[in-house]
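**Student:** I'd like to ask some things about the structure below.
FYI, it's all coordinate maths here, none of it is from the lab. Note that the structure is a prediction, hence the values are computed from the model and not measured. Note: ideal-geometry Cβ built from the backbone for every residue, glycine included; neighbour counts use all protein chains shown.
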Amino acid sequence: MVQKPLNQTWDLDVFFPGGSKSPEFRRFLDDLAAGAASLKQRLEAGSAPATVAELEGWTPLLGEFQDLAQRNRQAGAFISCLTAQDMADEEAKLLQGRMTQIRAALSSATTLLDHQISQMPEEVFTALVERPEFADIAYPLRERRARAGMRMDPERESLAGDLAVDGYHAWGRLYNELVARVRIPWEEGGRTVHLSAGQAANKLHDPDRAVRAELFTRWEKAWGEQADLFAAALNHLAGFRIQLYRHRGWDSILTEPLENNRMKAETLEVMWEVIGRNKTIFVEYLNRKARVLGLEKLAWYDVEAPVGGAAAKFSYDEAADFIVEHFGRFSPDMADFARNAFAERWIEAEDRPGKRPGGFCTSFPLSRQSRIFMTFAGNLDNVSTLAHELGHAYHQSVMNDLPQLAQGYAMNVAETASTFAELLVSDAALQAAKSDEERLPLLAGKADRAVAFFMNIHARFLFETRFYAEREKGLVPAARLNELMVEAQKEAFRDALSTYHPHFWASKLHFYITGQPFYNFPYTFGFLFSSGVYARAQEEGQAFAQKYVDLLRDTGRMRVEDLAAKHLGVDLTKPDFWQDAVDVSVADVKQFLALTENR
């Protein structure tokens, strides 16, 4: 149990008092900017050590770089929280612009550092990574040495980074500005209110189909009204990437996302192939769900609709108790962690206007704390989101004592911990259900998540792949983006729906995140990888808790194929693991189909 009543707003003053007007934070940014500039100057004035003896004078640069990287994360996390909690905070937007400039300077210094690492003679580099004090970052150093060889020379990489501040990243910021202006009129209590994108998104899960249908019509209209501006942002983001990749000599749009996620193309290909071979039963699930809801076919806004009568509602305090209890059945340490996160106000969950849509977890490494953002409306999906983001935060917590370079885990394995946390909560709730009526909505919720990862995210991947192919030939207008989106959705869902979401490309933030291209397939990887990890946890019980922590601690120190081989004894480039992982979700669907056979 957690102490009640819980505050649904987070505490940011513990980091920098005063929010976006904090003098302390501005001084922190000044120091960070000065540090980045100083490191860059010293690297420009120096060169890669040519002998083992010269390492003594060079290695302090690694410590300074890691310190700056930590401070950069601390500052970036604070600004992300400020801009998410109030999209109209003009001071926060100015801070975001300044942070982009600081990151560009740090990126230039990073490019120089990586270049020097790549220029070391082999015997010097070997001596560096074999030093005991660098044992935990040996892999990241080898990775940086290899990646430096995949890029342009340091001068051109630095120029690209500088130009990106008011080009590439500016388009991403423009998208956020546009989203902040989205208002969707809605009638409540005899008066018209204007919902933010985040508030409207929650209503798309309303149990009343008439509410969902009307809201979706207005949702599509709102995004369509500014579609040309969203299309401009998306086109220019993609155009920047295409040109940068061309100058780097990369021949595939997937080179960067695959390298960012430390995975092979073969792994991605076999994952999608196995999912494709198993979609028939998920189409059957969608058809059965339509029948249960009294429909011929599900519309886009019905896919995640609750089934089984009135949807369960949770107060925020009840959700906290629910999560802590079920985390504790696997790991008392995870339960204690979650209990502390609720009690210490790590979570911004209040349902109010002006917040950014969606949810995220961000970490403050200097403070060894995390913050979670979401909008809590009391449904099961919100509880799942809370568990998901707490999984992210727990992942960071078990890595806090590692050097900064060893904490840099990729997005795909980051989603492992979050999805694992979701599975803990949903499965425990399912096991505790006392009747078929209680089991039905829980099974539907689990099946809906599988559909999201296997179909919705597959549609995003298909859309983005095809969009980039067309963007290489020229600008892609909003009308064509709509066509590409619907084509991808129809293919991914095997045409199982009656209506689709043409402006999904405009409403989904993930397409506009400049730090991570193809912000889609890592979610599916994480979902399936965590299913494999979860299956092992079910076999071994609480004895697996420490092994789970050991796996998480290695996520920043090896490629995913090596991680899976070491901790699970499986080969991710072969279909066996992926089929076993998909079978976990197939079992849930089969239970749902059995329960609804006569409905």
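**Student:** Give the dimensionless ratio obtained when the Cα radius of gyration of region 301-344 is divided by 2.2 N^0.38 Å.
**Tutor:** It is 1.50.
**Student:** The list (i) 19, 49, 30, 2; (ii) 18, 48, 27, 7, 0; (iii) 19, 56, 23, 1 gives values of P(r) over Cα pairs in 20 Å bins from 0, in percent, and only one came from this structure; which label was calculated from it?
**Tutor:** The listed entry that was calculated here is (iii).
**Student:** Once you have the Cα-Cα distance between R248 and D571, take 0.36 nm times their residue separation minus that, and quote the gain in nm to one decimal.
**Tutor:** Separation in residues times 0.36 nm, less the Cα-Cα distance, equals 113.2 nm.
**Student:** Let me ask something else. Need the full-extension length gain, N340 to T59, defined as separation in residues times 0.36 nm minus the C-alpha distance. One decimal, nm.
**Tutor:** My answer for the length gained is 97.4 nm.
**Student:** Let me ask something else about it. Measure nothing but the geometry: give the 0 to 90° angle between the long axis through the Cα atoms of 457-471 and the longest principal axis through the Cα atoms of the chain, rounded to 10°.
**Tutor:** 60 degrees
**Student:** Determine the sum of side-chain charges near V124: Lys and Arg each +1, Asp and Glu each -1, restricted to other residues whose C-beta is under 12 angstrom from that of V124.
**Tutor:** -3
**Student:** When the dipole is taken about the Cα centre of region 9-58, and only Lys, Arg (+1) and Asp, Glu (-1) are charged at their Cβ, what size is it in debye, to the nearest 20?
**Tutor:** 200 debye
**Student:** Classify region 173-332: rounded, prolate or oblate, from the alpha-carbon gyration tensor (a ≥ b ≥ c, eigenvalue square roots; a/c under 1.5 rounded; otherwise prolate if a/b is larger than b/c)?
**Tutor:** Judged from the Cα gyration tensor, region 173-332 comes out oblate (a/c at least 1.5, b/c at or above a/b).
**Student:** Taking +1 at the Cβ of each Lys and Arg and -1 at the Cβ of each Asp and Glu, which of L424, T596, V182 sits farthest along the dipole of the chain towards its positive end, judged by Cα position relative to the Cα centre?
**Tutor:** Selected residue: V182.
**Student:** Any idea what angle helix 227-248 forms with the longest principal axis of the chain, computed on alpha-carbon atoms, 0 to 90 degrees, nearest 10?
**Tutor:** Its long axis makes an angle of about 40 degrees.
**Student:** Taking a 28 Å limit on the Cα-Cα distance, which of the listed pairs K289/K355; K490/K590; K313/K446; K203/K264; K4/K313; K508/K574 fall beyond it?
**Tutor:** Pairs exceeding the cut-off: K289/K355; K203/K264; K508/K574.
**Student:** Please give the length that would be gained between E155 and K21 if that part of the chain were fully extended, namely 0.36 nm times their separation in residues minus their C-alpha to C-alpha distance (nm, one decimal).
**Tutor:** On the way: separation 134, 0.36 × 134 = 48.24 nm, distance 3.57 nm.
Difference between extended and current length: 44.7 nm.
**Student:** Taking a label point 7 Å from the Cα of A50 along the Cα→Cβ vector, which residues of region 111-125 have an amide N closer than 17 Å to it?
**Tutor:** Correct set: 116-125.
**Student:** Normalising by the residue count of the chain, find the relative contact order in percent from Cα pairs under 8 Å and 6+ residues apart.
**Tutor:** Relative contact order comes out at 19 percent.
**Student:** Can you compute the FRET efficiency between L295 and L475 using 1/(1 + (r/R0)^6), with r the Cβ-Cβ distance and R0 = 56 Å? Round to the nearest 0.05.
**Tutor:** Working: r = 38 Å, r/R0 = 0.69.
Here the calculated transfer efficiency is 0.90.
**Student:** Whole-Hz ³J(HN,Hα) for each residue in region 38-48, computed from phi via Karplus 6.51 cos²θ - 1.76 cosθ + 1.60 with θ = phi - 60°, x for glycine and proline: what do you get?
**Tutor:** Values per residue, Gly and Pro as x: 5, 4, 4, 4, 5, 5, 5, 7, x, 7, 5 Hz.
**Student:** Taking the Cα centroid of region 298-339 and of region 153-178, what is the distance between the two, rounded to the nearest whole Å?
**Tutor:** For region 298-339 versus region 153-178, the Cα centre distance is 39 Å.
**Student:** At H194 and E437, where each label point lies 7 Å from the Cα along Cα→Cβ, what is the point-to-point distance in nanometres?
**Tutor:** 4.4 nm
**Student:** On to the next question. List the residues, sorted by chain then number, that are 5 or more residues from F364 or on another chain and whose placed amide H is less than 5 Å from its amide H.
**Tutor:** It is Q369, S370, R371, by chain and number.
**Student:** Related question: Angle check, please: helix 138-148 long axis (alpha carbons) against the longest principal axis of the chain (alpha carbons), in degrees 0 to 90, nearest 10.
**Tutor:** Helix 138-148 sits roughly 80 degrees off the main axis of the chain.
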